[in-house]
Amino acid sequence: MVMQEANDIILVVDEDLHVIDANRQATQAFGWTREEMLTKHVQDLRTSETLAAIPDIVSRSRSAEGAFFETVYRRRDGSTFPAEASVRQVVVDGKSQSLAIIRDISERKRAEAELRASEERDRGSAENTSDVIWLYDLDNDAYAYVSPSVFALRGFTPEEVMGQKLTEVVTPEEGGRIREMMQGLARPPLGEKM
């Protein structure tokens, strides 16, 4: 069957939420054989913290849009993995079933956690330096970030500066030069692709 070749975990469950089919990725991800998977109920595959959401997911899966959500699944050995799942009700041979396509997002969650930690380190550095550090959003013509040290230099809090436009804090000539320079850094020259 085609679903055996899919990269994502695919489960088919009946109206009582018992697994009635599982692809090779499902057996690898959960650690059970196919035969063992077919003895499982959806609740057997989820962490206790996520069980309360199942009735809502079942309800949404019966809508035209189906259900798309993030959750945490539990493997045979008790370890867990975060996943995003798309569940939609299908009718096969006159019987209502749910088709679940599940993607392990462990790597993405790990990368997001590393990014948050890096941002916290950078924020800590930016907020503890005597230099003024600022980020300016050209599309919105507004500061996106201003470090607390701006108060010592300009007498304004970061929140007050965030409400100002670049052209309000420099001469008009300087503002034009800075804007040109920043636009040149932010966008490739005409005819070039990023």
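Can you name the condition, by its number, that Glu192 falls short on among (1) modelled with pLDDT under 85; (2) of a type in the set (D, E, K, R); (3) closer than 30 Å to Thr71 by Cβ?
It is condition (3) that Glu192 fails.
Looking at segment 89-103, which of its residues are in contact (Cβ under 8 Å) with a residue 60 or more places away in the chain and open to solvent by 100 Å² or more (accessible area, probe 1.4 Å)?
Correct list: Lys95, Arg103.
Name the residue that is nearest to Pro148 (Cα to Cα), counting only residues in segment 127-136 that are exposed (fewer than 12 other Cβ atoms within 10 Å of the Cβ) and modelled with pLDDT of 80 or more.
The first filter runs over segment 127-136 and keeps only residues exposed (fewer than 12 other Cβ atoms within 10 Å of the Cβ), leaving 128, 130-131, 135.
Adding the requirement that they be modelled with pLDDT of 80 or more leaves 131, 135.
Details: Asp131: 9, Leu135: 13 Å.
Result: Asp131.
Filter segment 105-131 for residues that are in contact with a strand residue (DSSP E or B) (Cβ under 9 Å, 6 or more places away or on another chain) and β-branched (Val, Ile, Thr) and give the result. Spell out the reasoning first.
From segment 105-131, those in contact with a strand residue (DSSP E or B) (Cβ under 9 Å, 6 or more places away or on another chain) are 105-106, 108-109, 123, 126; that's our starting set.
Answer for segment 105-131, where residues must be in contact with a strand residue (DSSP E or B) (Cβ under 9 Å, 6 or more places away or on another chain) and β-branched (Val, Ile, Thr): just Ile105.
Quick one: is Ser96 hydroxyl-bearing (Ser, Thr, Tyr) and assigned to a strand (DSSP E or B)?
Yes.
Just a yes or no: is a residue in segment 104-126 over 29 Å from the mean Cα position of the chain (by Cα) and surrounded by fewer than 12 Cβ atoms within 10 Å (Cβ to Cβ)?
No, there is no match, as no residue in segment 104-126 is over 29 Å from the mean Cα position of the chain (by Cα) and surrounded by fewer than 12 Cβ atoms within 10 Å (Cβ to Cβ).
Tell me whether segment 112-120 contains one or more residues that are closer than 30 Å to Gly155 by Cβ and outside any loop (DSSP other than H, G, I, E, B).
Yes: one or more hits.
Restricting to segment 2-21, count the residues that are at positive phi and either of a type in the set (Gly, Ala, Ser) or open to solvent by 70 Å² or more (accessible area, probe 1.4 Å) (or both).
Count: 0.
If Pro148 satisfies all but one of (1) under 23 Å from Glu119 (Cα atoms); (2) touching a residue at least 12 places away in the same chain (Cβ under 8 Å); (3) open to solvent by 50 Å² or more (accessible area, probe 1.4 Å); (4) not in a loop (DSSP other than H, G, I, E, B), what's the number of the condition it fails?
Failing condition for Pro148: (4).
The values are calculated or read from the model by the stated rules, or taken from the named source; none is laboratory data. Just so we're clear, the structure is a prediction, and the values are computed from it rather than from any experiment. Cβ atoms come from the backbone with ideal geometry, glycine included; neighbour counts cover every protein chain shown. Areas reflect the complete protein model, heavy atoms only, side chains present, ligands, DNA and RNA absent. Shrake-Rupley method; radii C 1.70, N 1.55, O 1.52, S 1.80 Å.
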